[in-house]
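The values are calculated or read from the model by the stated rules, or taken from the named source; none is laboratory data. Bear in mind the structure is a predicted one, so any value in this text is a computation, not a measurement. Positions of Cβ are generated from backbone atoms using ideal geometry, with glycine treated the same way; all protein chains shown enter the neighbour counts. Accessible surface areas use protein heavy atoms only, side chains included; no ligands, DNA or RNA. Shrake-Rupley method; radii C 1.70, N 1.55, O 1.52, S 1.80 Å.
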Amino acid sequence: MAQALSLGLLLAFLAIQSCIAIELTDHIDLWPMPTSVSHGTQRLYVSKDITMSMEGSTYPDGKGILKDAFQRVVDLMKLNHVVDGANPSSFVLTGVNVVVHSPEDELKFGVDESYNLSVPTAGYPLRVQIEAQTVFGALHALQTFSQLCYFDFTSKLIELISAPWRISDTPRFPYRGLLIDTSRHYLPVTVIKKVIDTMAYSKLNVLHWHIVDAQSFPIEIPSYPKLWNGSYSFSERYTTSDAVDIVRYAENRGVNVMAEIDVPGHALSWGVGYPSLWPSDSCKEPLDVSNNFTFGVIDGILSDFSKVFKFKFVHLGGDEVNTSCWTATPHIKKWLDDNQMNVSDAYRYFVLRSQKLAISHGYDVINWEETFNNFGDKLDRRTVVHNWLGEDVAPKVVAAGLRCIVSNQDKWYLDHLDATWEGFYTNEPLKGIDDPEQQSLVIGGEVCMWGEQIDASDIEQTIWPRAAAAAERLWTPIEKIAEDPRLVTSRLARFRCLLNQRGVAAAPVAGYGRTAPYEPGPCVRQ
């Protein structure tokens, strides 16, 4: 095994060497690749006192979203270096003018994220021009601008090469997600925020927060305050205010936060605080389908969630339900008989009743694919089916007229450490779907960072750069996606190095997930 792994790393290392010069000559090292890019050959300098203006914009920036984002971008461009060179007398970018046409700043599903970015070489003063329909498109433009700039150790200034630049950009899919799991291992708020930052760098826009599971229930639920008795410890918890803070932090970076409670299975931790949710003391999962209190708790959770998680969707799980406890528990078995149900009927009843509760709180529902596989024709028509088991499910879902999110585990599960970035890059959400109307029902895709073997110590190098490889698949037009991932190896390697420079512990491109550097050498050759 060790010999095979070493050989794999060596082959990946050699592949990087062969690809290093492919894109460098064109100076387009942006990730993800924009829809349309053109550039020149002029070198510019970024003023140490660069400012942002909003001339012509109808967006008031009352929340300071743009102002704060611009300051973050300036800090990113410096990469913590001391910018103390002398400003030259010419070819200096003195400002960034941002024109946002919509005054709205609510981050909704399907919001316009497009933008135009131009970096001129003529005129006075020299100012970058950004134009977007919404502030969230402008945030993406600022991220792209930050990738054009670098700290130069000769001039000791921030420089920008290959100007003038003209970039027009819009995402391919409206849903570009990353799942984190805070039940298997607790993730501190600071770690979650850093993941959100890196999502913004990569233009991912949905943080799927798998908050609770069988192992722990770490979040405060005011309606049922004993639920977080099921947390690992008193220090491994999130208050409601923590959740509000995380949601606000993400929205200010153009990232939605979607909460998940996985029912009726994966819920053993719920009964620590409320034992009547268990079928019995000796058979504790799935949740008791016969007890109205179970659905009262779900209703309370969703009511509390609706005050915190404003995203259009809530995830209700529904996967991997082992119903044996229902038939092994006398009072549930009697309930099944009285209602003329078998366990399959009860599973469907549980999912559909939970869906109605979520809808009553204003949500559209996402369920894992087992619900579709077992009773897809009974699901609410607003349901989004979350594929994870295999790549043949999405075509069936959209043929049935339902929406779908693709996360097939053989390609887009980050906890599969043998899954390479090339597989993440080449996984196509629309595979096997040729009808344009059905293609539109695939709202996007999501990479999943299940938490059994990650915590704060290793989450970043397990997620990145593989999640960024999927991000380009979800953002960039299909005609600009390379069929051979070797053609983008050098560009992804440079993006990974940029993440490292920004303090993100992204793993080397060569090798498998969470691999170590192959040997001493420059970052781009790892």
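Probe radius 1.4 Å, ligands and nucleic acids ignored: give me the carbon and sulfur share of the accessible area of the chain as a rounded percent. Spell out each step's value before the answer.
Details: 10630 of 20620 Å².
Carbon and sulfur together cover 52 percent of it.
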Span-like helix ranges in the chain, DSSP H, alpha carbon extent 15 angstrom or more, Kyte mean at least -1.0: 2-19, 65-78, 135-148, 189-202, 240-251, 292-306, 343-360, 489-501
Pairwise label distance in nanometres, Ser233 with Thr51, each label 7 Å out on the Cα-Cβ vector: 5.1
Partners for Lys356 among lysines (Cα-Cα distance below 23 Å; same-chain residues under 8 apart left out): Lys108, Lys307, Lys310, Lys312, Lys378
Inverse mean reciprocal Cα-Cα distance (Kirkwood Rh) of region 36-169, Å: 15.1
Nearest-20 debye value, region 36-169 charge dipole, Cβ charges on Lys, Arg, Asp, Glu: 400
Percent RCO, i.e. relative contact order, over the chain, from Cα pairs under 8 Å lying at least 6 residues apart: 16
Calculated [θ] (222 nm, deg cm²/dmol) that DSSP helices of n ≥ 4 give over the chain, each run adding -39,500 (n - 2.57): -10000 deg cm²/dmol
Straight-distance crosslink candidates among aspartates and glutamates, where the alpha carbon sits under 19 Å from Lys284 and sequence neighbours closer than 8 are dropped: Asp213, Asp262, Asp319, Glu320
Cβ-placed point charges (K, R +1; D, E -1), dipole of the chain about Cα centre in debye, nearest 20: 900
Distance between modelled label sites at Arg486 and Glu104, nm, 7 Å Cα→Cβ extension: 4.7
Local electrostatic count at Val406 - Lys and Arg +1, Asp and Glu -1, tallied over other residues with Cβ under 13 Å: +1
Unit charges at the beta carbon, dipole of the chain: most positive-side option, Val321, Trp209, Phe295: Trp209
Set of region 205-242 residues, backbone N closer than 12 Å to the point 7 Å along the Cα-Cβ line of Glu320: 213-215
Asp455, Asp84, ranked by accessible area, largest first (probe 1.4 Å): Asp84, Asp455
Percentage relative contact order, region 328-417, counting C-alpha pairs under 8 Å, at least six apart: 19
Heavy-atom accessible area per residue - the chain, 1.4 Å, Å²: 39
Shape box of the chain [Cα atoms, principal axes, largest first, Å]: 85, 58, 50
Computed E for Asn339/Thr41 - FRET, C-beta separation, R0 60 angstrom, nearest 0.05: 0.20
Positive-end residue of Leu157, Gln129, Val46, charge dipole of region 36-169 with Cβ unit charges: Leu157
